[in-house]
Amino acid sequence: MTIKIFGDAGSGSLRRVTTAAKIMGIEIERVKVDLFKGESQTEEFKSRLNPHGLTPVLEDGDFILYEAAAINLYLAGKVNSPLLGTTEKERLEVLQWMFWSGEQWRIFATTLFDERVGKTVMGLPQDEAVVAFAEGKMRAAAKVLDKHLEGRKFMVGQALTLADFDVAGPFSQIDRSRPPLRDYPNLMAWHDNLLQSVPEWAQTKAEVDHRIDSFLASVGVTL
């Protein structure tokens with residue numbers, strides 16, 4: 001039975017899953033959930049797939065799993081992928097950065113997207129205090145990342161892992177929500193290397209850009 005992944009092509013979180021699945025050679029069936037139409041907020045979606053009304057969601061037979069990081073760990077475990085790390089030490093470091101990214105990094109990138117993109121689409125004013133808070137948190141985290149990535153091509157060890165995708169998530173909306181990433185040369189060089197050396201990551205970037213930019217154009221929004 002093919003694994004189903006529910007999500008919207010404009011989602012950076014879905015991007016992390018589809019990229020990893022492709023690299024691992026795992027066949028998935030993508031099921032479109034239009035977030036702009038509120039399709040993840042229906043009672044059917046919440047009762048069957050994710051009570052939080054968020055995507056992506058994995059369905060593997062009668063097993064349902066949400067949160068992109070958990071989904072990627074599940075998929076990698078099924079095929080014993082090196083994206084998990086190849087030693088016990090590396091596997092723990094991969095988990096460290098994945099957990100760190102969720103708590104100290106991507107959450108603030110999402111806040112900037114909500115303020116700078118979401119509110120613009122809805123015709124609402126940005127909360128400048130929230131924007132300043134999120135940017136401050138991202139700058140503090142980016143400073144740590146920039147130091148960690150000096151002389152490195154990947155987050156952990158000498159090869160691509162799931163940690164790279166989790167930390168790279170905010171780059172999916174860099175030109176729209178404008179997270180403060182370009183001030184950190186090692187961070188930018190690392191992400192440029194991902195785009196150049198991981199074709200699957202570049203392909204999903206094009207997909208996200210097309211989906212979001214097409215939607216913004218359809219509602220007459222210029223950021």
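The values are calculated or read from the model by the stated rules, or taken from the named source; none is laboratory data. This structure is a prediction, so every number in the text was calculated from the model and none was measured. All Cβ positions, even for glycine, are placed from backbone atoms using ideal geometry, and neighbour counts span all protein chains on display. Ligands, DNA and RNA are stripped out before the accessible areas are found, and what is left, the full protein with its side chains, is counted by its heavy atoms. Shrake-Rupley method; radii C 1.70, N 1.55, O 1.52, S 1.80 Å.
Observations on the model:
- The range 128-153, subset in contact with a helix residue (DSSP H, G or I) (Cβ under 6 Å, 6 or more places away or on another chain) and assigned to a loop (DSSP other than H, G, I, E, B), residue surrounded by the fewest Cβ atoms within 10 Å (Cβ to Cβ): 150
- The condition of being loosely packed, with under 12 Cβ neighbours inside 10 Å, assigned to a loop (DSSP other than H, G, I, E, B), at pLDDT 95 or above and on the phi < 0 side of the Ramachandran plot does not hold for residue 192.
- Residue within the range 78-92 that is within 13 Å of the chain's Cα centre (by Cα) and surrounded by 17 or more Cβ atoms within 10 Å (Cβ to Cβ) present: no
- Residues of the range 172-189 satisfying the condition of being over 20 Å from residue 137 (Cα atoms) and crowded, with 17+ Cβ neighbours inside 10 Å: none
- Residue in the range 205-222 that is of a type in the set (S, T, N, Q) and under 14 Å from the mean Cα position of the chain (by Cα) present: no
- Selected residue (criterion: surrounded by the most Cβ atoms within 10 Å (Cβ to Cβ)) from residues of the range 104-127 that are closer than 18 Å to residue 167 by Cβ and more than 13 Å from the chain's Cα centre (by Cα): 112
- Among the residues of the range 199-223, just one is in contact with a Leu (Cβ under 6 Å, 6 or more places away or on another chain) and either more than 18 Å from residue 7 (Cα to Cα) or free of Cβ contacts under 8 Å to residues at least 60 places away in the same chain (or both), namely 202.
- Among (1) within 18 Å of residue 9 (Cβ to Cβ); (2) in a loop (DSSP other than H, G, I, E, B); (3) open to solvent by 30 Å² or more (accessible area, probe 1.4 Å), the one test that residue 55 misses: (3)
- So residue 5, is it in contact with a Pro (Cβ under 8 Å, 6 or more places away or on another chain) and either more than 19 Å from residue 173 (Cβ to Cβ) or not in a helix (DSSP H, G or I) (or both): yes
- Yes/no for residue 44 being in a helix (DSSP H, G or I), buried (at least 18 other Cβ atoms within 10 Å of the Cβ) and of a type in the set (Asp, Glu): no
- The set of residues from the range 138-156 being free of Cβ contacts under 8 Å to residues at least 40 places away in the same chain and among the charged types (D, E, K, R) comprises 147, 150, 152.
- Qualifying residue in the range 211-223 (condition: surrounded by 17 or more Cβ atoms within 10 Å (Cβ to Cβ) and of a type in the set (Ser, Thr, Tyr)): no
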